[in-house]
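**Student:** Pasting in a structure now, in structure tokens, and then I'll have a few things to ask.
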Amino acid sequence: MNKDEIVALLNQDLEGEHAAIIQYLTHAYAMGEGEMACEIEAIAREEMRHLDWLAETIVELGGTPSLKRGDMRLSGESVSGWMTNDVSQEKEAIALYEEHIKAISDPKIKRLLQRILSDEKSHRGDFEHFVNKAQRESAKDLRGSRQDRIAQILNRGIKHEYTVILQYLFHSYMTSNKDVKKQMEDQAINEMQHLGWLSEELVDQKGTPGIEHTEVDQSTKAADMLRADIKVEREVAAEYDRAAKEIEEPDLKELIQRIRDHELYHAEVFNDLLREQEKQS
């Protein structure tokens, strides 16, 4: 099996991890605060680690990490039904990893996939446990149908955060500049926090988070990456600023202003890195 064929298999795995992350976060946010929701978010974070390992391996092989998201299972009228879907998601991942472990002869990659497979088997057991736990505890879907201006503001923010998480991660994988890579990773983590804050707030406000993204910049040159990232950060900071002026609820206003300030910080960090890049060119 040549490198291109291995990359194709790893990208298939990566797309599955991407789907699992969003599926599990959707379920966790919909349940609100609670032990089970926290445990599901922890599983989603482990899937994020898998995605990161796979993407780095793909780049090492000379490939480009896929930004596509695999199929999700978001149907189900009860939390117990969601957990059953999550069991199915894990079973599919296990079968795929086992198939790819057999197909790939490279010992380093095989070892990585075996490591991930071990986690997926553990996750399957966790979700099997959650099926029964959800029934015992009568866990509920706390999302509502709110679609007013507040819901629009929060969902607009969620869409931005999801987009830049993907964008900054992609840029971190594709750049060879260590400083740029570190900052992209750091700011992506901060954007993940924002995604969680906004999604949880929207559920508290009786709305439903729409975890979808817009177009992701896929520049591969550091200066081009940074220009794109500065642009999107300045645009969204201005949007958050306008939204904060509309919002009357003190706690929500404070949250939006806090995220706005983070976005302005990101823009300045990226701007400093761009100046360094321009000096070197």
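**Student:** Scan the stretch 194-202 and give yes if some residue there is exposed (fewer than 15 other Cβ atoms within 10 Å of the Cβ) and either of a type in the set (Phe, Trp, Tyr) or out of contact with any Pro (no Cβ under 9 Å at 6 or more places or on another chain) (or both), otherwise no.
**Tutor:** no
**Student:** Here is a further query. From the list Glu56, Glu17, Glu60, Glu41, which one is at pLDDT 95 or above and within 18 Å of Ala95 (Cα to Cα)?
**Tutor:** Glu17
**Student:** From Arg258, Arg227, which residue is in a helix (DSSP H, G or I), more than 27 Å from Gln152 (Cβ to Cβ) and assigned by TED's automatic domain parsing to the domain that holds Asp217?
**Tutor:** Going through Arg258, Arg227 in turn, just one is in a helix (DSSP H, G or I), more than 27 Å from Gln152 (Cβ to Cβ) and assigned by TED's automatic domain parsing to the domain that holds Asp217: Arg227.
**Student:** Can you confirm whether the stretch 30-46 contains a residue that is closer than 28 Å to Trp197 by Cβ and of a type in the set (Val, Ile, Thr)?
**Tutor:** Scanning the stretch 30-46, I find at least one residue that is closer than 28 Å to Trp197 by Cβ and of a type in the set (Val, Ile, Thr), so the answer is yes.
**Student:** Continuing with this model, one more query. Applying the selection to the stretch 244-263, what residues are touching a residue at least 40 places away in the same chain (Cβ under 8 Å) and within 20 Å of Met192 (Cα to Cα)?
**Tutor:** Passing the criteria: Leu252, Leu255, Ile256, Ile259, His262.
**Student:** Related question: Output the residues belonging to the stretch 209-224 that are crowded, with 21+ Cβ neighbours inside 10 Å and more than 17 Å from the chain's Cα centre (by Cα).
**Tutor:** Ala222
**Student:** Among the residues of the stretch 98-119 satisfying the criterion of being free of Cβ contacts under 8 Å to residues at least 40 places away in the same chain and acidic (Asp, Glu), which is farthest from Ala42 (Cα to Cα)?
**Tutor:** Glu99
**Student:** Just give me the residues in the stretch 223-271 being within 16 Å of Glu185 (Cα to Cα) and among the acidic types (Asp, Glu), in sequence order.
**Tutor:** Residues satisfying the conditions are Asp229, Glu233, Glu263, Glu268.
**Student:** Here's a follow-up. When residues of the stretch 74-105 are filtered for being within 30 Å of His171 (Cβ to Cβ) and assigned to a loop (DSSP other than H, G, I, E, B), how many remain?
**Tutor:** 2
**Student:** In the stretch 56-90, what count of residues is obtained for those that are at positive phi and in contact with a Ser or Thr (Cβ under 8 Å, 6 or more places away or on another chain)?
**Tutor:** 1
**Student:** Going by the structure shown, is Lys108 charged (D, E, K, R), surrounded by fewer than 19 Cβ atoms within 10 Å (Cβ to Cβ) and in a helix (DSSP H, G or I)?
**Tutor:** The answer is yes for Lys108.
**Student:** Let me ask you something else. Just to be sure before I move on: is Gly144 under 30 Å from Val236 (Cα atoms), of a type outside the set (D, E, K, R) and assigned by TED's automatic domain parsing to the domain that holds Thr214 in the structure I sent?
**Tutor:** Judged against the criteria, Gly144 is not a match.
**Student:** So which of Lys182, Lys159 ends up being surrounded by fewer than 23 Cβ atoms within 10 Å (Cβ to Cβ), within 21 Å of Leu54 (Cα to Cα) and of a type in the set (Lys, Arg)?
**Tutor:** Of Lys182, Lys159, the one residue that is surrounded by fewer than 23 Cβ atoms within 10 Å (Cβ to Cβ), within 21 Å of Leu54 (Cα to Cα) and of a type in the set (Lys, Arg) is Lys182.
**Student:** Tell me, please, whether a residue that is within 23 Å of Leu198 (Cβ to Cβ) and crowded, with 20+ Cβ neighbours inside 10 Å can be found in the stretch 81-93.
**Tutor:** Yes, some residue in the stretch 81-93 is within 23 Å of Leu198 (Cβ to Cβ) and crowded, with 20+ Cβ neighbours inside 10 Å.
**Student:** Within the stretch 54-78, can you find the residues that are surrounded by 14 or more Cβ atoms within 10 Å (Cβ to Cβ), among the small types (Gly, Ala, Ser) and under 19 Å from Thr220 (Cα atoms)?
**Tutor:** Scanning the stretch 54-78 gives Ala55, Gly63, Ser66.
**Student:** Going by what's in this entry, would His262 be described as modelled with pLDDT of 95 or more, closer than 30 Å to Asp71 by Cα, out of contact with any strand residue (DSSP E or B) (no Cβ under 6 Å at 6 or more places or on another chain) and not charged (D, E, K, R)?
**Tutor:** In short, no.
**Student:** Would you point out which residue out of Leu10, Leu25, Leu51, Leu14 is surrounded by 22 or more Cβ atoms within 10 Å (Cβ to Cβ), closer than 19 Å to Tyr168 by Cα and not assigned by TED's automatic domain parsing to the domain that holds Glu200?
**Tutor:** The match here is Leu14.
The values are calculated or read from the model by the stated rules, or taken from the named source; none is laboratory data. Keep in mind the model is a prediction, meaning the values are calculated, not measured. Ideal geometry is used to build each Cβ from the backbone, glycine not excepted, and the neighbour counts take in all protein chains shown.
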